[in-house]
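Following: one structure in structure tokens, then a few remarks.
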Amino acid sequence: MKFEDLLLEIGGFGRFQILILFILCLPRINLPMHFLLHNFLAATPSHHCAIPHQEAFVNLTMEEVLLISIPREPDGTFRSCEMFSQPQFHLLLNSSLQPENNSIIQHCQHGWVYDHSQFTSTISTEWDLVCEQRGLNQATATFFFIGVTMGAVVFGYLSDRFGRKAMLLLSLVCSVVFGMLSAASVSYSMLAVTRTLTGMALSGVSLIVLPLGMEWVDIQHRTFSGILTSIFWSIGNMLLAMVAYLVREWHWLLVAVTGPCLLSIVCLWWVPESARWLIANGKVKQAHRHVLRCARMNGRKDFAVSPEEDMPLTTYAQRIVLRWEHKKPGGSYSYISLFRTPVLRKISLCSGAVWFGVAFSYYGMSMNLTGFGLNMYLSQFVFGVIEIPAKIIMYVVVNRAGRRQSQAWALILTGLCIGANVIIPKPFTSLRSVVAIMGKGFSEAAFTTVFLYTSELYPTVLRQNGMGYTSFVARLGGALAPLVFLLDEVWRSLPEVTYCGVAVCCGSVAFLLPETLNVRLPEGIEDIE
């Protein structure tokens, strides 16, 4: 007897499952508020070289001081990273004149002056992460995703070894501790370390929430549960835009996005451990208690234990559990088990490539809020809004066209939209915005599908290891995505071309994966092979 047969008896989608999914959606809201926080935490406002005061400047306005002290770009704006070695007073007579040679131009010598009209402070203004230090600014996001990458490996293994709920609680507690330490950072090094550890902790939340909910839900409602959980990511996206708009100081912004984890820690008390995991690890008595609780909440009276019964383990529910778990738990599994057998090896390699492409293109778009002609707060909010209809449409599509086709085409279309914006001229801001929003919708559709798809591809005994491995590969993509923006110094459109090519290639790999629509969740490796 499979666990799905047991779910039919106790209720595969009743009050019990709805309560679990609602509670697990709370930490899901918090994830994008950290994963996409770099857009606001490390935002770089307009800036120019600081000009030391001179007596000759007494009768000049600030605009005139800048005119004679800082060279201009071809579009007339002042350069951000260069200044004249000596004031060029002749420019007061004719500002259109250009210096005869570049020998009088030098890098900023006295720091920078920032425009604080949009941000009170960011880490860029705090530690001057501009110009030659621009790479360190982008590296902040990379450090975070390196932490997420390491966390995927650690929590993927630990949640299969010690249980889903215990590791989810640990990751939430660590997220609060390291998130608050990040807010208290007094140096760039301290911020880099604490953001890396925060990413490692949050990786456990990202990894465990969906499988823990899915393992309590029947086949018919598995897609709905995956989409519902994913929608709360989009809600977190929109909330990030509003929180960042209200909190313009980076220390307090970190506090504001970390605080909600405390509510998730409290609510986790009402979430049970996965009965599938308990049974697979031989903890049948604990599974029995949770099964009875599920049956009672779902109104299945046949499974209720009456006070007169001296031996509650002889109830009908326990007998089903015992019949289902007729063998002793198998040996221990590790990430190496994902590559030992041929079919599982193919699934692991292909799903890893798909996850890399999904994360690489998603974060490439999500961290380029100013590149599509909209205000960055509005871009963040619109990108969150567009994800919700994309998820709802995917709910229909994955049940009609199947997981494989949906995954492949969502990722390929994401790449094509990114590529289209390379061709569309900059002045066509409205068209570029529409194409970008469509691309963001396809990108989110690909991310929504890949979480659901992957959790169905791997057997229960290896599901968290599989999710940990694919999440590890995805976070490599997330870590590389912000660094690709630095390629604009080679060719202005090279970052977009890179995102486009990777998305199309990885989307094509999805056609090699097996279909899982209306297929029972595999319990052991033999079910896969």
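The phi torsions of the range 113-121, fed into the Karplus equation with coefficients 6.51, -1.76 and 1.60 and a -60° offset, translate into couplings of 10, 10, 7, 9, 5, 9, 10, 5, 7 Hz, rounded to whole numbers, with Gly and Pro shown as x. For residue 112, nonlocal amide neighbours, meaning residues 5 or more places apart or on other chains whose placed amide H falls under 5 Å from its own, are 50.
For residue 105, the accessible surface of its heavy atoms amounts to roughly 30 Å² (probe 1.4 Å, protein chains only, rounded to the nearest 10).
Counting only heavy atoms of the protein chains and using a 1.4 Å probe, residue 248 has close to 60 Å² of accessible surface.
Sorted on the mean count of surrounding Cβ atoms within 10 Å across their residues, most packed first, peptides 167-174, 261-268, 352-359 read 352-359, 167-174, 261-268. A simple spin-label model places pseudo-atoms 7 Å from Cα toward Cβ; at residue 423 and residue 493 they are separated by 0.9 nm. On the principal axes of its alpha-carbon atoms, the range 47-114 has extents of 25, 24, 21 Å, going from largest to smallest. Residues in the range 401-412 carry Karplus couplings, in order, of 8, x, 5, 5, 4, 4, 4, 5, 6, 4, 6, 5 Hz; the curve used is 6.51 cos²θ - 1.76 cosθ + 1.60 with θ = phi - 60°, and Gly or Pro positions show x. In this simple spin-label model, placing a label point 7 Å from the Cα along the Cα-to-Cβ direction at both residue 375 and residue 293 gives a separation of 4.6 nm. Computed from the alpha carbon atoms alone, the convex hull of the range 337-528 holds 108 Å³ per residue.
Summing charges over all other residues whose Cβ lies under 11 Å from the Cβ of residue 92, with Lys and Arg as +1 and Asp and Glu as -1, gives -2. Karplus-based coupling profile of the range 212-219, in residue order and whole Hz: 4, x, 5, 6, 9, 10, 6, 4, with θ = phi - 60° in 6.51 cos²θ - 1.76 cosθ + 1.60 and x standing for Gly or Pro. For the residues 115, 160, a 1.4 Å probe over the protein chains yields an accessible-area ranking, largest first, of 115, 160. Of the beta bridges in the chain, as assigned by DSSP with both residues counted there, near 90 percent are antiparallel. Packing-based ranking of 59-72, 24-37, 281-294 yields 24-37, 281-294, 59-72, ordered from highest to lowest mean Cβ neighbour count within 10 Å.
Label-to-label distance, residue 283 versus residue 255, with points set 7 angstrom from Cα along the beta-carbon direction: 3.7 nm.
Place a label point 7 angstrom from the Cα of residue 515 along the Cα-to-Cβ direction, then list the residues of the range 378-418 whose backbone nitrogen is under 13 Å away. From the range 378-418, the list is 398-407. Shape call for the chain from the C-alpha gyration tensor, a ≥ b ≥ c root eigenvalues: rounded (a/c under 1.5), prolate (a/b greater than b/c) or oblate? Because a/c hits 1.5 or more and a/b exceeds b/c, the chain counts as prolate.
The values are calculated or read from the model by the stated rules, or taken from the named source; none is laboratory data. Quick caveat, the model's predicted, so the values are computed rather than measured. In this analysis, Cβ positions are derived from the backbone assuming ideal geometry, glycine residues included, and neighbour counts consider all displayed protein chains. Side chains are part of the model used for accessible areas, which takes the heavy atoms of the whole protein and leaves out ligands, DNA and RNA. Shrake-Rupley method; radii C 1.70, N 1.55, O 1.52, S 1.80 Å.
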